[in-house]
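Undergrad: Quick one: the structure is below, questions incoming.
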Amino acid sequence: MKLVLLGPPGAGKGTQAKKIEQEFGLKHISTGDIFRENIKNKTPLGEKVQAYLDGGNLVPDELTIAMVWDRLDQEQDNYLLDGFPRTIEQADALTEGLQERGQALDHVICIEVDAPTLVKRLSGRRSCPECGAVYHVVDNPPTQEGICDVCGHELVQRADDKKETVAQRLDVYRAQTEPLIAYYEAQGNLVHIDGDHPVDDVFAAVRQAIDA
Ligand code: AP5
């Protein structure tokens, strides 16, 4: 199965992706996580992309598309794309690349949440740099403040979750990624999900969309 998760920053894509990965056995491929891992490890790719992430802007298509195909060609069958595609050019590259390999997407799930809620979620998000677990200081706090329940590592706030960068990320989403909703509607495989519900309720809707 091949699945794409669309939605604005903070909609809950990463949160749902972890649950989908567990329940359906799909490999979770998050372009944001791959970029952050490269920045953390100070790789040449990390050095190239750091300024884009810090500024809330998209990494250039050429770089992103090459990186994603490199990863997808190792996965072949069952994966879940979180944060890719994000531009029409990326979506075309995905559609054409899949066609060349005799493959197609099974589902595109778009999680929708209004802007004030997104800002609240992103400003309160804390993540574990070690195992990737995600928390929220009010809605989903760890048992011990600032410490990951899963691996005991200290939690951090993502550099791009600062207020001004969040505003830029939302603008970039509207201008460059939102047009993908019409793109996938035209392909006939887009499902809209209201993401403004508790995590498990959103997941129930996601599961229903995948099983349908
Ligand atoms: P990326 O890492 O993909 O960030 P994003 O799309 O901005 O999404 P987020 O990770 O911020 O949010 P999310 O939807 O996963 O929400 P989460 O589950 O964490 O990309 C970062 C950057 O990398 C980009 O800005 C760009 O520079 C670059 N990049 C990445 N992909 C690229 C591409 N394809 N092309 C070019 N550049 C690219 O949840 C958020 C918070 O809400 C958490 O605290 C969580 O606990 C809470 N929460 C989640 N669900 C719920 C719920 N149902 N109710 C209450 N709270 C909830």
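Undergrad: Within the range 172-187, how many residues are open to solvent by 70 Å² or more (accessible area, probe 1.4 Å) and either under 22 Å from K19 (Cβ atoms) or not acidic (D, E) (or both)? Don't jump to the end; show me each part of the working.
TA: First, pick out the residues of the range 172-187 that are open to solvent by 70 Å² or more (accessible area, probe 1.4 Å): 174-176, 178, 185-187.
Those left that are additionally either under 22 Å from K19 (Cβ atoms) or not acidic (D, E) (or both): 174-176, 186-187.
Residues in the range 172-187 being open to solvent by 70 Å² or more (accessible area, probe 1.4 Å) and either under 22 Å from K19 (Cβ atoms) or not acidic (D, E) (or both): 5 in total.
Undergrad: Moving to a separate point now. Among the residues of the range 123-146, how many are surrounded by 15 or more Cβ atoms within 10 Å (Cβ to Cβ) and of a type in the set (A, V, I, L, M, F, W, C)?
TA: 4
Undergrad: Anything in the range 30-46 that is farther than 24 Å from D171 by Cα and either within 14 Å of the chain's Cα centre (by Cα) or not aliphatic (A, V, I, L, M) (or both)? List them, or say none. Before you say what the answer is, go through the steps one by one.
TA: Step one: filter the range 30-46 for residues farther than 24 Å from D171 by Cα, giving 37-38, 40-45.
Scanning the range 30-46 gives E37, N38, K40, N41, K42, T43, P44.
Undergrad: Can you list residue pairs whose Cβ atoms sit under 7 Å apart, with the first residue in the range 53-77 being at pLDDT below 95 and the second being aliphatic (A, V, I, L, M) and surrounded by fewer than 13 Cβ atoms within 10 Å (Cβ to Cβ)? Count only pairs 6 or more apart in sequence or on different chains.
TA: Nothing qualifies.
Undergrad: Given the range 80-183, what strands (runs of 3 or more DSSP E) lie entirely inside it while holding 2 or more residues that are within 26 Å of D70 (Cβ to Cβ)? Lay out the reasoning, then the answer.
TA: On the way: elements: 107-112, 125-127, 134-136.
Ranges flagged: 107-112.
Undergrad: What tally of residues in the range 171-212 results from selecting those that are more than 8 Å from the ligand (Cβ to nearest atom) and more than 19 Å from Q90 (Cβ to Cβ)?
TA: Counting residues in the range 171-212 that are more than 8 Å from the ligand (Cβ to nearest atom) and more than 19 Å from Q90 (Cβ to Cβ) gives 16.
Undergrad: Quick one: V137 ticks every box in (1) without any contact (Cβ under 8 Å) to a residue 40 or more places away in the chain; (2) more than 9 Å from the ligand (Cβ to nearest atom); (3) among the hydrophobic types (A, V, I, L, M, F, W, C) bar one, so which box is it?
TA: Answer for V137: the failing condition is (2).
Undergrad: What's the number of the only condition in (1) open to solvent by less than 10 Å² (accessible area, probe 1.4 Å); (2) more than 10 Å from the ligand (Cβ to nearest atom); (3) within 16 Å of T31 (Cβ to Cβ); (4) within 17 Å of the chain's Cα centre (by Cα) that P85 fails to meet?
TA: It is condition (2) that P85 fails.
The values are calculated or read from the model by the stated rules, or taken from the named source; none is laboratory data. What you see is a predicted model; the values in this text were computed from it and never measured. Neighbour counts run over all protein chains shown; Cβ positions are idealised from the backbone, glycine included. Surface areas here come from the heavy atoms of the whole protein model, side chains and all, with no ligands, DNA or RNA. Shrake-Rupley method; radii C 1.70, N 1.55, O 1.52, S 1.80 Å.
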